[in-house]
Amino acid sequence: MKLSIVLPTLLIMSFNLYAKTITSNPTILYIGDSHSYGKLGTVVEKNLSSISNHVIMESSCGSSASTWISKSAYQKTVCGFWKKDGTDEVRTIEHQTPRLVDEIIKYQPLVTIVQLGTNMAAGNNPLSTAGSIEQLMQEIIKAESICIWIGPPDANSKIVTKEKLNVINTLIRDLALKNNCHYVDSLELTSFPNDSKEGIHYPPSLSAQWGEKVSRNILTYLESIEL
């Protein structure tokens, strides 16, 4: 009688242990713009590597959502590209930006993270980017990958104005809610320094601080859904 009770219990324990094992080291794919080319990207990569030994980081300067879904040909950046996959790392000025769907097919990530928004806020009509934003989210969900989107940080620019940042931030947040994509609101995590003349990009120390805050948000979220 005791044996019949213990044996199923052991089987259940073994199954739970196995289930945890196969999901405790997720493949994570990350794409972003020039913010991720700097300290934001390297800090987030370091923290994501605490839960995974396969983190693929890709950043393409000047990129928007539409850059990563080009149908006819890859779009080229001429202001900086970074890719790191384990010990393989490339940093260059000019490079073709890969399509997200191709990278998803290649790596089959359990988690896909998108860091985009600033360049879409730079346009005359940020709301016109809704279709490409939602397409990226849907590609991630269709692949049964966990979707996470990091929104744009605060800025102090005549091009990326606070008004347009609020518009794109609200747009992405609403689309994320609609498409079951976890949203990291960077406007709540950042404040652009008044003494910086650049207006868009953060100095390394502040970019690193942003990266730590983003990392805590992401890791807490992944822990909550029991990867």
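The values are calculated or read from the model by the stated rules, or taken from the named source; none is laboratory data. All values reported here derive from a predicted model rather than from experimental measurement. Positions of Cβ are backbone-derived with ideal geometry, glycine not excepted, and every protein chain shown enters the neighbour counts.
Meeting the requirement of 1 or more residues that are at pLDDT 95 or above and within 22 Å of I105 (Cβ to Cβ), the helices (runs of 4 or more DSSP H) wholly within the stretch 1-72 are 34-37, 39-48.
The sole residue among E163, E134 that is on the phi < 0 side of the Ramachandran plot, in contact (Cβ under 8 Å) with a residue 12 or more places away in the chain and acidic (D, E) is E134. Candidates in the stretch 136-152 are the residues that are outside any loop (DSSP other than H, G, I, E, B) and surrounded by fewer than 18 Cβ atoms within 10 Å (Cβ to Cβ); of these, the one that is farthest from the chain's Cα centre (by Cα) is K142.
Residues checked against (1) of a type outside the set (V, I, T); (2) in contact with a strand residue (DSSP E or B) (Cβ under 9 Å, 6 or more places away or on another chain); (3) assigned to a loop (DSSP other than H, G, I, E, B):
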{"position": "S128", "(1), (2), (3)": "yes, no, no"}
{"position": "A155", "(1), (2), (3)": "yes, no, yes"}
{"position": "G211", "(1), (2), (3)": "yes, no, no"}
{"position": "L222", "(1), (2), (3)": "yes, yes, no"}
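Just one of the listed residues (T112, T92, T118, T87) is hydroxyl-bearing (S, T, Y) and touching a Pro at 6+ places or on another chain (Cβ under 6 Å), and it is T118.
Among the residues of the stretch 184-191, is there at least one that is closer than 21 Å to T27 by Cα, small (G, A, S) and part of a helix (DSSP H, G or I)?
Step one: filter the stretch 184-191 for residues closer than 21 Å to T27 by Cα, giving 184.
Checking the rest, the ones that are also small (G, A, S) come to none.
Checked against the condition, which is being closer than 21 Å to T27 by Cα, small (G, A, S) and part of a helix (DSSP H, G or I), the stretch 184-191 yields no hits at all.
When the stretch 85-107 is limited to residues that are over 16 Å from the mean Cα position of the chain (by Cα) and in a strand (DSSP E or B), the one that is surrounded by the most Cβ atoms within 10 Å (Cβ to Cβ) turns out to be H95. When residues in the stretch 29-59 are screened for being of a type in the set (V, I, T) and under 18 Å from W210 (Cα atoms), 4 of them pass. Looking across the stretch 67-84, just one residue is within 18 Å of the chain's Cα centre (by Cα) and surrounded by fewer than 18 Cβ atoms within 10 Å (Cβ to Cβ), and that is I69. A single entry from E226, E198 fulfils the requirement of being closer than 17 Å to Y37 by Cβ and either of a type in the set (D, E) or surrounded by 13 or more Cβ atoms within 10 Å (Cβ to Cβ) (or both): E198. Of the candidates N179, N217, the single residue that is touching a residue at least 24 places away in the same chain (Cβ under 8 Å), touching a helix residue (DSSP H, G or I) at 6+ places or on another chain (Cβ under 8 Å) and more than 22 Å from A122 (Cβ to Cβ) is N179.
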